[in-house]
Every structure is written in structure tokens, then in C-alpha cells.
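This report concerns only the one structure given below.
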Amino acid sequence: MPIPKAELHLHIEGTLEPELAFQLAHRNNITLPYPDVQTLRDAYSFTDLQSFLDLYYRLMDVLRTEADFHDLATAYLTRAAAQGVRHAEIFFDPQAHTQRGIPLETVIDGLTSALDTSLQDHGISTHLILCFLRDQSAQEAMDTLDAARPHLHHITAVGLDSAEVGNPPEKFTEVFQAAADLGLRRVAHAGEEGPATYIWNALNHLGAERIDHGIRCMDDPELITHLATTQTPLTVCPFSNVRLRAVPTLDQHPLPAMMDAGLLVTVNSDDPAYFGGYVHDNYLGLQHHLGLTDEQLRTLARNSFTASFLTPERRDALI
Ligand code: ES4
Ligand code: ZN
């Protein structure tokens, strides 16, 4: 049995497996620009974050109805349960859907209809994290937060994702402040492809409580000390880093050095349908390629609960 764990860095749109993409395309009378599942899977060879994002946004076109979002989330939860996931904090990208004419309610109602019964059906508690697309304007992010106001009882936190370099955190200072004023928690992708300064700025300008990826902190000794002292969690995604070439090979992943530096590291899957595995597959990859011990894997699993936004009661029950 895979070790019980929380998953804290998971884009629900990144769980769209080619088989489901073809099913939804058929159901919605859409012709995908790929003849079959294998040809689509063969297209999953990326050179950097942008080359991945291009396919990720293109394939989302099959997500049209509430049932599509429900089925997407249910498929993820089923796989996550088999990987030992007991709690999942799930990102979604409203702007990627509203900009192609899908109402925000369709997205949120579809996702929450699956998440609402997840604890009973899959033994997984869930939170939703609304992400702003950082390669779009600050005003569009603010409009998205405004549109989400009627749905805030379903949303735990805001996040920041998409193309990092050239879109620094401070572009979104105002909308993150507005989110905090609404009682939302805050996380941000930083230091995936972007520099360590983006991590500092996510902390100092956005009030980020967790850093998604954060691997580039290893370039800045002062930042390592700061993150270790404050025990700010980092949601690291090893398979993602290799597939997007942020790290050359899994054998060279900085995760062991990050743990040795006293950082609160967690392991996550990011976009598992695209990067070759779900969260426990990432744990196994680390064990195999980096020789992580059972004790280190237990530490990573414990960190995942510590770093979550769970109430102390459920967290204590899960650890
Ligand atoms: C993402 Cl790997 C990654 N980085 C930034 N934004 C994203 N959205 C979906 N996956
Ligand atoms: Zn991500």
C-alpha cells in the first residue's frame, strides 16, 4: 500500500488523460487534431514550460460541460486514492475556461459535484485553489476574483500559475491583497523556471504561505536560510521538473539537498497525465533514482500534511 499522503500541487486540468480527452471530444462533437490516443501521447515531449502549456491549453478545449469537469475530477480522485492520497488541494484555472466561453459556474459546479462526495467515495478530503494566469493582465485576475465571489465557500486559496519568466509575482500584488481581505489563503508558483528573486517577491509582495516548485531557491543561500527558518513549505514536483527540463535528470534533482538544508519539502505530481506519473509514482522515482530511504519518504509524507491547509483536527487524524 502506498504511504498515506496529501497532494498539494495538482492542476486538475493536468490530470486529463488522452483516453478521457478522446471520450469527451466524442461526447461534445469535437475533432481533436490527433488521429488517436497514442499519437496524442507521443506529442507529450516538451522542451520547456511554454511548450507544455501550449498543449495543456489546447487540449482543454474538450472540457465544455459540468459533466466534463465532474468526470475529470472523479477520474483524478480514483487514481489519487490508489496512490495513497488522503487529502488533495486542487488547482484550477478559471481563465483558461471563461476565455473560451465556458461559464465559471459550469467549471465550479462540475468540480465541486465530484469533490463534495470525495471523502465518502474515495477517502480523500479536498480543497480548491483558484489560480490566476500570470501571463494575463492583473485586471483580468481581479475580474476573475470578482466573478468568483458567489462561490467563495467552495474555495480555500488563490494561486498563481502559467508562464513564469517575465511575469513576476509583484504584477499581482493588488489581487492577492484583495483575496486575503476575502479570507482566502495564498500560494504562488515561483522559482520553477524563474529566478530566486521571484520566490522572495511571492513571499514579500503576495504574502504567499507556500511556494509551488521553489527549486531555484537553491541558487540563493540567504533565501534557503529564510525558507528553512520560517518553515515555508515548498511543493516540489520532480517528474514535472525533469519533463520541462528545469532539472536535467531525476538523478540530479535537488530534492535531497533541499531536505538536507532543513526545508519543508513536499512531493507532488503537478500535471500527472502529462508528466509520466501520479504522486506516489513520484515518490517511487525518487526512491529509485536518488536512493531516498523509507525514513525520508515518511518525512515527505508527514511534511505534506504539515504543509496543508487542513484544520488541526483532520491533520492530526491523518499524520
Ligand atoms: C503548470 Cl508545471 C506548471 N507551471 C506553471 N503553470 C502551470 N499550469 C499547469 N501546470
Ligand atoms: Zn504547477
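The values are calculated or read from the model by the stated rules, or taken from the named source; none is laboratory data. Remember, predicted model here, so these are calculated numbers, not experimental data. In this analysis, Cβ positions are derived from the backbone assuming ideal geometry, glycine residues included, and neighbour counts consider all displayed protein chains.
Among the residues of the range 59-103, those identified as outside any helix (DSSP H, G or I), within 24 Å of Ala157 (Cβ to Cβ) and either acidic (Asp, Glu) or without any contact (Cβ under 8 Å) to a residue 60 or more places away in the chain (or both) are Leu63, Glu89, Asp93, Gln99, Ile102, Pro103.
So that you can scan it fast, the table gives a plain yes or no per residue for (1) under 13 Å from Cys217 (Cα atoms); (2) within 16 Å of ligand 2 (Cβ to nearest atom); (3) in contact with a Cys (Cβ under 7 Å, 6 or more places away or on another chain); (4) at pLDDT 95 or above:
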{"position": "Thr229", "(1), (2), (3), (4)": "no, no, no, yes"}
{"position": "Thr235", "(1), (2), (3), (4)": "yes, yes, no, yes"}
{"position": "Pro238", "(1), (2), (3), (4)": "no, yes, no, yes"}
{"position": "Thr249", "(1), (2), (3), (4)": "no, no, no, yes"}
{"position": "Ala261", "(1), (2), (3), (4)": "yes, no, no, yes"}
{"position": "Asp270", "(1), (2), (3), (4)": "no, yes, yes, yes"}
{"position": "Tyr278", "(1), (2), (3), (4)": "no, yes, no, yes"}
{"position": "Leu286", "(1), (2), (3), (4)": "no, no, no, yes"}
{"position": "Gly291", "(1), (2), (3), (4)": "no, no, no, yes"}
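Would it be correct to say that Glu7 is within 16 Å of ligand 1 (Cβ to nearest atom) and in a strand (DSSP E or B)? Against the criterion (within 16 Å of ligand 1 (Cβ to nearest atom) and in a strand (DSSP E or B)), Glu7 qualifies. One residue alone among Phe309, Phe305 is in contact (Cβ under 8 Å) with a residue 60 or more places away in the chain, touching a helix residue (DSSP H, G or I) at 6+ places or on another chain (Cβ under 6 Å) and away from ligand 2 (no atom under 15 Å from the Cβ), and that residue is Phe305.
Selection over the range 33-56 of residues that are assigned to a helix (DSSP H, G or I) and more than 16 Å from ligand 2 (Cβ to nearest atom) gives a count of 6.
Against the conditions (1) within 16 Å of the chain's Cα centre (by Cα); (2) within 16 Å of ligand 1 (Cβ to nearest atom); (3) not polar (S, T, N, Q), Ala141 satisfies every one except (1). Applying the set (1) over 24 Å from Arg79 (Cα atoms); (2) within 15 Å of ligand 1 (Cβ to nearest atom) to Leu234 leaves exactly one unmet item: (1). Within the option set Leu53, Leu10, Leu49, Leu63, being surrounded by 18 or more Cβ atoms within 10 Å (Cβ to Cβ) and more than 16 Å from the chain's Cα centre (by Cα) holds for one residue only, Leu63. In the condition set (1) in contact with a strand residue (DSSP E or B) (Cβ under 9 Å, 6 or more places away or on another chain); (2) outside any helix (DSSP H, G or I), Met259 is compliant with all but (2).
So that you can scan it fast, the table gives a plain yes or no per residue for (1) more than 16 Å from ligand 2 (Cβ to nearest atom); (2) acidic (Asp, Glu):
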{"residue": "Leu10", "(1), (2)": "no, no"}
{"residue": "Thr31", "(1), (2)": "yes, no"}
{"residue": "Leu63", "(1), (2)": "yes, no"}
{"residue": "Glu66", "(1), (2)": "yes, yes"}
